[in-house]
Amino acid sequence: MIVVTGGAGFIGANFVLSWLAQSDEAVLNYDKLTYAGNLNNLASLRDDARHIFVQGDINDGDKLAALLAEHRPRAILHFAAESHVDRSIHGPAAFVTTNVNGTFSLLEAARNYWQTLSAIEKTEFRFLHVSTDEVYGSLSATDPAFCETTPYAPNSPYSATKAASDHLVRAYHHTYGLPVLTTNCSNNYGPYHFPEKLIPLIITNARAGKDLPVYGDGQQIRDWLYVTDHCAAIRRVLEEGKPGETYNVGGWNEQTNLSVVHTLCDLLDELQPKHSGSYRNQIKHITDRPGHDKRYAIDARKIEKELGWKPAETFATGLRKTVEWYLANDTWVSQVQSGDYMKWVDLQYNSKEQA
Ligand code: NAD
Ligand code: DAU
């Protein structure tokens, strides 16, 4: 079996669902269920014996050690993290605790477990660390895209803690020989995306008749990748990635934030038109994110050439699927928008000036 950490979150849940759709190898899903973890994402697996869910913190080394000894996985795929840049600006401590200390604790549990394996099991074991393109910092309009050798220059508390975790993972390979793999991916979007992030926030706010908040001039650029394409890349890296290597994963799909918001409004105008006017009329430019990275872009040639991975979705097909999913899943949306979500919206948006 494999262990997945953070498998109740956005990408982790999509990964578990897509894994079990193409394999009978069981998944032990270890997740703390923070505000971002949601068992409703995994509702279709409720009676599926191949999915074992355990609620727990990656900082709990004893619990991890007991689970690894009991289930003897052949791989650990590490998705668990605090993942939202804006939250890291308001409260960086949780990011250090989970992304740095938690990854360290998980690496220690993995190393101790790995040392108990037979020689052949040791060679075949993998620790796959899911990371981000944000560790490379920000590009100018003319800089070449991030490749695997681009120097690290993280700019937010979130990206700094992800960079720290990448370095720890690297060191466990170099020092102890733990067979690690790291993926650095661009912005994901798709089903089960928590509506604190740009794309699901715009869709859900638009439908609720609320402002569509664009930070600053909206000319910042991100590369967008449909989440199941990211999951397929992770499966390829797990299958044939070389221990100790890192792989950049991206969609060759750079978009300004304003263009993403316009496209979403146009899709909603088509799929769920308002009585009068366009959703574009709800766009509001607000105070920029402090330290906002201007541009991310991924050079994904290594994973394409060495592992034969390519994204299956274009931005047009992926975004349409995403909007359709949100239109068809009102119950999921209203459940995640209850409770703590409203406190976050209040903290992040209600005191912001119009830009
Ligand atoms: P998410 O915030 O949606 O989910 C994170 C999950 O981790 C949640 O289920 C949460 O309960 C769990 N978790 C948090 N702290 C934990 C802890 N201490 N112990 C155990 N579980 C804990 O995040 P996501 O967007 O699905 O991102 C998953 C991973 O992919 C992260 O490592 C993130 O840095 C990375 N990543 C995300 C993106 C993106 O666009 N979302 C892009 C590149 C890389
Ligand atoms: O690049 C990969 C990263 O992408 C991941 O590592 C992170 O976990 C993930 O959250 C994401 O980070 P971003 O900060 O790029 O994503 P977010 O959806 O928060 O914002 C996307 C862009 O949209 C960014 O330039 C900020 C802007 N934005 C965001 C929000 C929430 C707005 O203009 N308005 C908003 O309300």
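Restricting attention to the range 45-71 and to residues that are without any contact (Cβ under 8 Å) to a residue 24 or more places away in the chain and of a type outside the set (Gly, Ala, Ser), the residue that is surrounded by the most Cβ atoms within 10 Å (Cβ to Cβ) turns out to be 63.
Cβ-Cβ distances below 7 Å connect the following pairs, each with a first residue in the range 199-211 that is open to solvent by 10 Å² or more (accessible area, probe 1.4 Å), a second residue that is hydrophobic (A, V, I, L, M, F, W, C), and a separation of six or more residues or different chains: 204/333; 205/212.
Consider the range 145-176 and keep the residues that are among the β-branched types (Val, Ile, Thr) and open to solvent by less than 70 Å² (accessible area, probe 1.4 Å). The one that is nearest to the chain's Cα centre (by Cα) is 161. Considering only the range 72-85, state which residues are buried (at least 23 other Cβ atoms within 10 Å of the Cβ) and among the hydrophobic types (A, V, I, L, M, F, W, C). Within the range 72-85, 76, 77, 79, 80, 81 qualify. Of all residues in the range 212-243, those satisfying the criterion of being surrounded by fewer than 16 Cβ atoms within 10 Å (Cβ to Cβ) and under 19 Å from residue 77 (Cα atoms) are 239, 240, 242, 243. Exactly one residue out of 246, 287, 263 is buried (at least 16 other Cβ atoms within 10 Å of the Cβ) and within 14 Å of ligand 2 (Cβ to nearest atom), and it is 263. Criterion applied to 38, 101 was being within 15 Å of ligand 1 (Cβ to nearest atom), open to solvent by 10 Å² or more (accessible area, probe 1.4 Å) and within 27 Å of residue 232 (Cβ to Cβ), and the one residue passing it is 38.
Given the criteria touching a residue at least 12 places away in the same chain (Cβ under 8 Å), over 20 Å from residue 187 (Cα atoms), among the aliphatic types (A, V, I, L, M) and in contact with a strand residue (DSSP E or B) (Cβ under 9 Å, 6 or more places away or on another chain), does residue 16 qualify? Answer is no for this residue.
Would you mind finding the one in 182, 98 that is closer than 19 Å to residue 246 by Cβ and of a type in the set (Ser, Thr, Tyr)? Answer to the selection: 182.
If the condition is being assigned to a helix (DSSP H, G or I) and in contact with a helix residue (DSSP H, G or I) (Cβ under 9 Å, 6 or more places away or on another chain), then the range 332-344 contributes 332, 333, 335, 336, 344. As for the range 181-192, it holds no residue that is surrounded by fewer than 20 Cβ atoms within 10 Å (Cβ to Cβ), under 24 Å from residue 87 (Cα atoms) and touching an Asp or Glu at 6+ places or on another chain (Cβ under 9 Å).
Output the residues belonging to the range 104-140 that are open to solvent by 40 Å² or more (accessible area, probe 1.4 Å), of a type outside the set (Gly, Ala, Ser) and in a loop (DSSP other than H, G, I, E, B). The answer is 115, 116. In the range 4-35, the residue that is surrounded by the most Cβ atoms within 10 Å (Cβ to Cβ) out of those that are among the charged types (D, E, K, R) and either under 26 Å from residue 198 (Cβ atoms) or within 16 Å of ligand 2 (Cβ to nearest atom) (or both) is 31.
Quick one: would you say residue 96 is among the β-branched types (Val, Ile, Thr), touching a strand residue (DSSP E or B) at 6+ places or on another chain (Cβ under 6 Å) and either touching a residue at least 12 places away in the same chain (Cβ under 8 Å) or open to solvent by less than 20 Å² (accessible area, probe 1.4 Å) (or both)? In short, no. Within the range 168-180, is even one residue touching a Ser or Thr at 6+ places or on another chain (Cβ under 8 Å) and of a type outside the set (A, V, I, L, M, F, W, C)? Yes, there is a match, as at least one residue in the range 168-180 is touching a Ser or Thr at 6+ places or on another chain (Cβ under 8 Å) and of a type outside the set (A, V, I, L, M, F, W, C).
The values are calculated or read from the model by the stated rules, or taken from the named source; none is laboratory data. Fair warning: this is a prediction, and the values are worked out from it, not measured in the lab. Using ideal geometry, Cβ is built from the backbone for each residue, glycine included, and neighbour counts are taken over all protein chains shown. With ligands, DNA and RNA removed, areas are computed over all heavy atoms of the protein, side chains included. Shrake-Rupley method; radii C 1.70, N 1.55, O 1.52, S 1.80 Å.
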